[in-house]
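Worksheet: one structure, shown below.
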């Protein structure tokens, strides 16, 4: 879609009802349907900034960054006093790697509103503020302003944490990171997650498919804890000529929900694993097709190999193995203290509530590895545990093994994941635009004292030593 030569007019004809309906669909992440609602208004030429903004959000979520950016450029060109539009355009440019343009957009937003928290936070990430700079001081005042929404104060504290970290002040940085987490929302269902992993170990067994290779593309599931290197692995695979990605899709999660609803309707129980061993070939085909319907909202159906990169899909690989005979699974393994620190310092807009507290984070880490070790023993050649340390320390042989595991021939492009043209929509935005490097190894060490509660919840030095021995054994695998 192009805006050049269009008949777009600066009008305000979109009804509130239409925009509210679209907002509900966007909140449900049904971007394709939301766009269907908006397209007739877009094509009529009688549009307003609200319609364009929502259409840009949809195009961006569906992987069409150029169109999304074009729409936001039209808004900022015709409504230049909208600081939120400038900030949103900057965010979209960042995902496409247009960093210099994004910096300019953020500065435009701050000219209009110097206290725009989102713009300040984003600019501090791209052009780090000095601790005593006027912009850093402005962030401090905003972080303590009780009149601001919790979301904005959370973002300000997180930015201040990163500013202090870059200045070499770990204790001050940690103070702000924990303040930011306290302003986050959500709870961790520790009991439910424990039961889920316990039942996986007791009830899940892989099946030998007698109904042949599934129709549709071959799927490579890339998973692990958030901030464990899943985006790096995805971008390595994306550089291959036969591979595309559906990004952080909830297709498997929604399919599991439907499988569980089906089991409840059959009186089989309400647990995560009550379907295990009970789906017949016709039911597997039905849910396989449902997965593909969910997954291909963003890709053409003739893509030969797709990457489904959703970190916590690692807890649902059993269902994927039952539905997709030729699926491959890549579990990213990164030092639990590096992963933990990265989750504490990350500002998640939504989800990952277990990162709010170090005891929750430690327990979730243990449970994720307990699940992974069970899958490793049961899934055999379909499952690869990929050491992050090995991958960044010695990329070429590790990438060769990763491609071999994924059923892909060697391509030199895979050594340059930073050149991927795919828009990056995750918290790993800045890192994945860099060449493979070892900069993220052992980042936890300056924070060793602050991370003591996380170490304790992991099980202390004994559990960490067990993890290190396992991860070291992955280096030659």
Filter result (free of Cβ contacts under 8 Å to residues at least 24 places away in the same chain and over 14 Å from residue 120 (Cα atoms)) within region 99-108: 100, 101
Over region 127-167, the set of residues touching a residue at least 60 places away in the same chain (Cβ under 8 Å) and more than 15 Å from residue 115 (Cβ to Cβ) is 154, 158, 161, 162, 165
Could you say which residue among 337, 317, 367, 341 is in contact with a strand residue (DSSP E or B) (Cβ under 6 Å, 6 or more places away or on another chain) and under 30 Å from residue 454 (Cβ atoms)? 317
Can we say residue 89 is over 25 Å from residue 251 (Cα atoms) and touching a residue at least 60 places away in the same chain (Cβ under 8 Å)? no
Those residues of region 103-120 which are within 22 Å of residue 166 (Cβ to Cβ) and crowded, with 23+ Cβ neighbours inside 10 Å, in sequence order: 106, 117, 119, 120
Residue that is farther than 30 Å from residue 275 by Cβ, touching a residue at least 24 places away in the same chain (Cβ under 8 Å) and touching a strand residue (DSSP E or B) at 6+ places or on another chain (Cβ under 9 Å), where the choices are 232, 225, 178: 232
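Which of the residues spanning region 293-321 are in a helix (DSSP H, G or I) and modelled with pLDDT of 95 or more?
If we filter region 293-321 for residues that are in a helix (DSSP H, G or I), which is where we start, we get 293-295, 311-315, 317-321.
Correct list: 311, 312, 313, 314, 315, 317, 318, 319, 320, 321.
Residue by residue, here is whether (1) touching a helix residue (DSSP H, G or I) at 6+ places or on another chain (Cβ under 6 Å); (2) closer than 27 Å to residue 272 by Cα; (3) modelled with pLDDT under 95 holds:
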site	(1), (2), (3)
369	no, yes, no
374	yes, yes, no
384	yes, yes, no
387	yes, no, no
401	no, no, no
412	no, no, no
Condition test on residue 96, is it surrounded by fewer than 21 Cβ atoms within 10 Å (Cβ to Cβ), modelled with pLDDT under 90 and touching a strand residue (DSSP E or B) at 6+ places or on another chain (Cβ under 8 Å)? no
Residue satisfying condition, being assigned to a loop (DSSP other than H, G, I, E, B), touching a helix residue (DSSP H, G or I) at 6+ places or on another chain (Cβ under 9 Å) and surrounded by 15 or more Cβ atoms within 10 Å (Cβ to Cβ), within set 252, 290, 279: 279
Please indicate, with yes or no, whether at least one residue in region 298-313 is out of contact with any strand residue (DSSP E or B) (no Cβ under 9 Å at 6 or more places or on another chain) and buried (at least 19 other Cβ atoms within 10 Å of the Cβ). no
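Looking at 341, 337, 361, 391, which is the one that is in the same structural domain as residue 459 (by TED's automatic domain parsing), buried (at least 23 other Cβ atoms within 10 Å of the Cβ), within 21 Å of residue 466 (Cα to Cα) and more than 19 Å from the chain's Cα centre (by Cα)?
391
Suppose we filter 180, 185, 228 for residues that are in contact with a helix residue (DSSP H, G or I) (Cβ under 6 Å, 6 or more places away or on another chain) and either assigned to a loop (DSSP other than H, G, I, E, B) or at pLDDT below 95 (or both); which single one remains?
228 is the lone residue from the list that is in contact with a helix residue (DSSP H, G or I) (Cβ under 6 Å, 6 or more places away or on another chain) and either assigned to a loop (DSSP other than H, G, I, E, B) or at pLDDT below 95 (or both).
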Any residue at all in region 344-352 that's part of a helix (DSSP H, G or I), in contact with a helix residue (DSSP H, G or I) (Cβ under 8 Å, 6 or more places away or on another chain), surrounded by fewer than 21 Cβ atoms within 10 Å (Cβ to Cβ) and at pLDDT 95 or above? no
Could you grab me the full set of residues in region 431-471 that are over 21 Å from residue 345 (Cβ atoms), within 26 Å of the chain's Cα centre (by Cα) and in a helix (DSSP H, G or I)? 468, 470, 471
Residues in region 370-400 that are out of contact with any strand residue (DSSP E or B) (no Cβ under 8 Å at 6 or more places or on another chain) and in a helix (DSSP H, G or I) total 18
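May I ask you to list the residues in region 55-67 that are crowded, with 24+ Cβ neighbours inside 10 Å and more than 16 Å from residue 94 (Cβ to Cβ)?
Listed by number, the residues that qualify are 55, 58.
The values are calculated or read from the model by the stated rules, or taken from the named source; none is laboratory data. Here the structure is a predicted model, which is why all the values come from computation and not from measurement. Backbone-built Cβ (ideal geometry, glycine too); neighbour counts: all protein chains shown.
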